[in-house]
Each structure stands twice: as C-alpha cells, then as structure tokens.
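> Below is the structure I would like to discuss, written out as structure tokens.
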Amino acid sequence: MQSDEAKQFEACKADKSLLIKSCFSIVHGDTQKVVPFLFREEQQAYWDNRTLCDEILKPRKRGFSALISAEFLSACILEENTHAVVVAHREEDTKSLFARVRWMLKNLPFEVQVGEEGAGHIKFSATNSSFRVITAGATEPGRGSDITHLHLSERAFYPSESFLAAVEGACVRGARRVIETTANGSGTAFHKHWLRTKRGLTAYKGHFFAWWQARDYELAVDKPLSLDDQEKRLREAYGLIDRKIAWRRHKLREMSNPDLFDQEYPHSDEVAFLTAGNMVFDWVAIGKQMQAAKPPKWTGRLRNLGQRIEIAPAADGPLKVWDTPREDRRYIISADVAEGIEGGDYSVADVLDTSTWEQVAQWRGHVTPFDFADIMAEMGAYYNWALLAPEINNHGIATCGRLADNGYPNLYVREQKKEGVAYGWQTTRKSKVEAINELGHALRNLDVKINSLDTIEELKSFVYLDTRNDMGAQAGAHDDCVLSLAIGVSLLGESRETPQAQRQKFREAMGLRPRGFVLPRSGPSYGVRKI
C-alpha cells in the first residue's frame, strides 16, 4: 500500500499545479512581496485548457512566463530524464528568467538535490533532469541533450528564424512545447504562425487573453465616466465597466507611445498585430456578425445532372450552403477569381439574397479560372439563374469570357459599348474604394448578414496598407472573401427590389433553360433543384 507521501507525489506528477500552488512562491509584481504562487484567473483558464503544444498571445505582465517556468521546474523535480529549455529573446531576459527559476528552487519548503549548477543551467541528480535558459540565437540550443520541454518566451521578438529550426529540431517526439508572447506587428513570422494556428494548420492550440479579462486591470472611479467613441465601442463589444475604462485611460497616459497600447494590451487578437496598419472595418460590427453567423446546412459540391442540379454533401467540400433558393427570391453571385494554385489565393463566389442581403452560400477553393466559370454557372442556375458578377481583373477575364461564350443568361453588364457589351466587375482604385466603403457602411448598419466564418476572419485582417496607400489583407492573411463580398454588396446597393408580380414574371422568364446554354458539368441526390 502506498504511503500518503507517495500518493501525494504521484498526484503532483499527474497535476503539477498541485505542487506549484502548495509549495512554490513568487515575488508579486506590484507589491514586490513574496506570496504563494496562486493562479490568476487567466492562468487557471490556460492551465485547464492547455495541450501538448500551446501558443499563448497575451498582454504584458500576466505571469504566463512564470507559470510555464514553474511547470517545467516541477517536471524536472518530479520526473526522470526531463530536459527543459526556456528561450528568451534578449540576454538580459535570459538572466532574469534564470534568476527567477533559481529563486523558486531555493524557496521551496523541501530540499531538491542539485548535481550541477552554472550560468543558465541546473542539473537535478535525483531525476537526471536539467533546466536551461538560453538566449534566442544561441549556437548550441540543445547542448547534446534531447529537449523534452520547450518554452519560447516572447517568441514574436526573436531576431533569427534559423535558430528556431535548430532548437525545435532538438525536441524529442511528443515534447511539451509552449510559445508565449505579446505581439510585434503584422507580417512578422510569428504573426503568420498565429494565423496558421487559428486555421488549424499547425500542431499548436492558440490561447488569446485580452487585457480586459484581467481582474486587476481596474481603477476606482468616483463618478460615471463620459466616454469617447472608442470607449463606447469597447463597452458595447465587451460590456466594460467604468473601472476598466479608467485603467485603460491611466495606462494610455503613462505610455510614451500610446499607439502601441493595442499591441501591448490587446482587446482582441486581431488588433494585437495592427501596428503596421489599422482595421478597415469596424470591429464591433464584425463581432456582431460573428455572434449571429449560423452554421451551414450543407457542405459539399453541386452536381449537374442535366435537367437538375443537386447538392452532393462532402465534409471537405468547397461549397457551404446556409439557405437553399426560394422560388420568390432573386440572387446575386459575386466573385473574386484567383489563379487556382494550391496554397495560393482562393477563388471565392458569394450568393446574396437581394431581399434580405443575407449571404446564403459561398464557394471557396482552388480551381482554374475556366473551371470556376463552370462552377459559377451551376451556382447561378441553382439559385434561380442568379446575376453573376465575377471580377474581370487578371484571371477573372477568363472566367467571365467563358460564361459569356457559353451563353449564361444573366451575366452582369458593366457597360454598353458601340462595339459590344462589357461584362463583369472591373476593379479600379476608385471602384475598390467605393465598394469597400459600401461594405463598411452595410456592416456598421447591419444591412448585410454574413454567415461565412472565413469571410469574418478576413474582415478582421483587412487593413490600411501604409506603404502603398491602399487597403488589403495584412501579411499572412487573405482578402478574397472580402473582395467578393464587397462586389456583391455594391451591386445590392444598386439593385431595387421589384414588386411581387414583376418578380414572378422574372422567375418565369429566367427559370426556363435558355436556348443555347449548356451546363458544362455533371455530377448525389441532395437539395435537388430542377432547372
């Protein structure tokens, strides 16, 4: 039978927070007093949701670095052959982090056998484990030892990406890895990694913590505050009380460069990176769209069976359908066309209901511009012979040309010329600004209803590009969904809903299969739409 001490030891091995909370101490940042290492709310929230590989984006001075150091130190004490490495971004931080680890070790209520101790490293004789703190760029990150626990502290500020390949290459399979940092501008290597993590393309789980979630980021107020526009939007988005807003005002006054507040103390992960640009679209309005977005009824592809088109469900399909077509509705299908190379920009087509201005379907994927024309034709036929408005810049010329050559009956006419009709949406600097402005207005007024989470994510990362006096996706992100939606909303603004009788005539006219037009694809019976 195990002794009580042995049981406690095994319990601490299984949950190292038990050892940390009961035996570890820390110097409180504000009072500089030694206090027990009790978890803050956000530290506990992270601990409860951590995985093998975690990526933490957070405000300044929330104690995550200390928490990870305490976890790794506990592993060295409790488990054999643990080799923990903490990487700091500067030499002075390396010394500071190692000093904190040594202090935690020396102030434990029990003695730990240390076999060797030197500058930046400790070896534990009882467990044959080691703890090292090194500076980003070190020439020997592993020192010949396999790394079982890796903590990349302030990862966004590392001077060398090649160093990371070396230190990560020293990790054993199944190593515990934690990236923990504040942001350092858009377009950086870390920013691109964070965006990929959010899309599920890395081994890491993303954890974001906003400044307003911190219980101690508050200041007392003696009367209700009069709020500026930004403060009103923060209150509307997050329900901030006056004490939170008072703290924010105080911190802004303290900072020599208040423009860095959102980087150092972000209220969302999107604004954390916006030091090289600013969000074009109102983030409060985007938040409302995210809350109201509904899951798709179907995900898959359309299949053309000659006299009817069906939805073929497929979990990995590029088409998402939130609402199937109604007989009494008209639809616009706007599109941004890409080259079709895997890993490159996406071709995107959005189906918008002209009555409700709701996004009822979206196709997003990689195909050639010619194949994309066929896909748009199928979507148009399925949605009551919808008005198709592909962008004609670059690759879109091929898409629009194929639709016109195949005789699609309801293709957007940009202008009538003596020499013929000009089809498709043409993006110029002027038309792009106008379309983006119309989309921004529709978002603020909640005129448009967005269901695609891909679109919502792109709206968050669509910024003013200072270097080019332009608007677009910040580095590492896409803007294909934004541009497609902007075209659609611009056309919705031009359209006028017709009376019911006229709409019925339109349906009868366009519901028949037009002479000379052949749907070019074929393809299980689901969501059948006769044409």
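The values are calculated or read from the model by the stated rules, or taken from the named source; none is laboratory data. Owing to the predicted nature of the structure, the values given are computational and were not obtained by experimental measurement. Here the Cβ is made from the backbone with ideal geometry for all residues, glycine too, and neighbour counts use every protein chain on show.
> Give the residues of region 199-231 that are surrounded by 14 or more Cβ atoms within 10 Å (Cβ to Cβ), closer than 20 Å to MET290 by Cβ and of a type outside the set (Phe, Trp, Tyr), sorted by residue number.
Selection gives LYS205, GLY206, HIS207, ALA210, GLN213.
> Ok, one more. Quick one: is VAL101 among the β-branched types (Val, Ile, Thr) and farther than 26 Å from THR197 by Cα?
Spelling it out, VAL101 is indeed among the β-branched types (Val, Ile, Thr) and farther than 26 Å from THR197 by Cα.
> So, one more: Give the residue that is nearest to ALA214 (Cα to Cα), with candidates limited to residues of region 12-66 that are assigned by TED's automatic domain parsing to the domain that holds VAL112 and among the β-branched types (Val, Ile, Thr).
Only one residue fits best here, namely ILE56.
> Still on this model: Give ASP336, ASP242, ASP345, ASP282 a once-over and let me know the one that is of a type in the set (D, E, K, R) and farther than 16 Å from GLU458 by Cβ.
ASP242
> Consider region 293-309. How many of its residues are modelled with pLDDT of 90 or more and touching a helix residue (DSSP H, G or I) at 6+ places or on another chain (Cβ under 8 Å)?
Residues flagged as modelled with pLDDT of 90 or more and touching a helix residue (DSSP H, G or I) at 6+ places or on another chain (Cβ under 8 Å) within region 293-309 amount to 2.
> Among (1) out of contact with any Pro (no Cβ under 9 Å at 6 or more places or on another chain); (2) at pLDDT below 90, there is one condition GLU438 misses while meeting the rest; what is its number?
Among (1) out of contact with any Pro (no Cβ under 9 Å at 6 or more places or on another chain); (2) at pLDDT below 90, GLU438 violates only (2).
> Exactly one condition in (1) within 24 Å of the chain's Cα centre (by Cα); (2) more than 20 Å from LEU485 (Cα to Cα); (3) assigned to a loop (DSSP other than H, G, I, E, B) is false for GLY300; which is it?
(3)
> While we're looking at this one, here's another question. Under 18 Å from LYS61 (Cα atoms) and charged (D, E, K, R), is that true of GLU264?
Yes.
> Considering only region 184-234, how many residues are over 25 Å from the mean Cα position of the chain (by Cα) and over 23 Å from PHE39 (Cβ atoms)?
The number of residues fulfilling the criteria is 11.
Here's the yes/no breakdown for (1) part of a loop (DSSP other than H, G, I, E, B); (2) modelled with pLDDT of 90 or more; (3) under 27 Å from ALA272 (Cα atoms):
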site	(1), (2), (3)
MET1	yes, no, no
THR31	yes, no, no
GLN43	no, yes, yes
ILE56	no, yes, yes
GLU80	yes, yes, no
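> Among the numbered conditions (1) assigned to a helix (DSSP H, G or I); (2) surrounded by fewer than 21 Cβ atoms within 10 Å (Cβ to Cβ), tell me where GLN289 comes up short.
Only one criterion in (1) assigned to a helix (DSSP H, G or I); (2) surrounded by fewer than 21 Cβ atoms within 10 Å (Cβ to Cβ) is unmet by GLN289, namely (2).
A quick yes/no check of all residues on (1) part of a strand (DSSP E or B); (2) over 22 Å from the mean Cα position of the chain (by Cα); (3) surrounded by 14 or more Cβ atoms within 10 Å (Cβ to Cβ):
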| position | (1), (2), (3) |
| --- | --- |
| VAL421 | yes, yes, no |
| LYS430 | no, yes, no |
| LEU439 | no, no, yes |
| HIS478 | no, no, yes |
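> Only one of these is aliphatic (A, V, I, L, M), more than 25 Å from GLU79 (Cα to Cα) and modelled with pLDDT under 90: ALA210, ALA165. Name it.
Unique residue meeting the criteria: ALA165.
> Could you list all residues from region 310-351 that are among the small types (Gly, Ala, Ser) and touching a helix residue (DSSP H, G or I) at 6+ places or on another chain (Cβ under 6 Å)?
Scanning region 310-351 gives SER334, ALA335, SER347, ALA349.
> Then there's this: Scan region 112-133 and give yes if some residue there is surrounded by 15 or more Cβ atoms within 10 Å (Cβ to Cβ) and under 33 Å from the mean Cα position of the chain (by Cα), otherwise no.
For region 112-133, residues surrounded by 15 or more Cβ atoms within 10 Å (Cβ to Cβ) and under 33 Å from the mean Cα position of the chain (by Cα): present.
> Within region 385-397, is there a residue that is touching a Ser or Thr at 6+ places or on another chain (Cβ under 7 Å), modelled with pLDDT under 90 and part of a loop (DSSP other than H, G, I, E, B)?
yes
> Restricting attention to region 264-281, does a residue exist that is loosely packed, with under 13 Cβ neighbours inside 10 Å and acidic (Asp, Glu)?
No.
> Counting just the residues of region 55-70 that are surrounded by fewer than 21 Cβ atoms within 10 Å (Cβ to Cβ) and of a type outside the set (Gly, Ala, Ser), which one comes out nearest to TYR265 (Cα to Cα)?
Only one residue tops the list, namely ARG60.
> Take the residues of region 168-195 that are out of contact with any Asp or Glu (no Cβ under 9 Å at 6 or more places or on another chain) and modelled with pLDDT of 90 or more: which is surrounded by the most Cβ atoms within 10 Å (Cβ to Cβ)?
GLY174
> Check ASP336, ASP323, ASP316 and return the single one that is under 29 Å from the mean Cα position of the chain (by Cα) and buried (at least 23 other Cβ atoms within 10 Å of the Cβ).
Residue meeting the stated conditions: ASP336.
> Can you confirm whether region 340-361 contains a residue that is among the aliphatic types (A, V, I, L, M), more than 23 Å from the chain's Cα centre (by Cα) and assigned to a loop (DSSP other than H, G, I, E, B)?
The answer is no; no qualifying residue exists.
> Is it the case, given these coordinates, that SER162 is polar (S, T, N, Q), part of a helix (DSSP H, G or I) and within 30 Å of the chain's Cα centre (by Cα)?
In short, yes.
> Among the numbered criteria (1) farther than 21 Å from SER65 by Cα; (2) in the same structural domain as GLU55 (by TED's automatic domain parsing); (3) part of a loop (DSSP other than H, G, I, E, B), which one does PRO224 miss?
(2)
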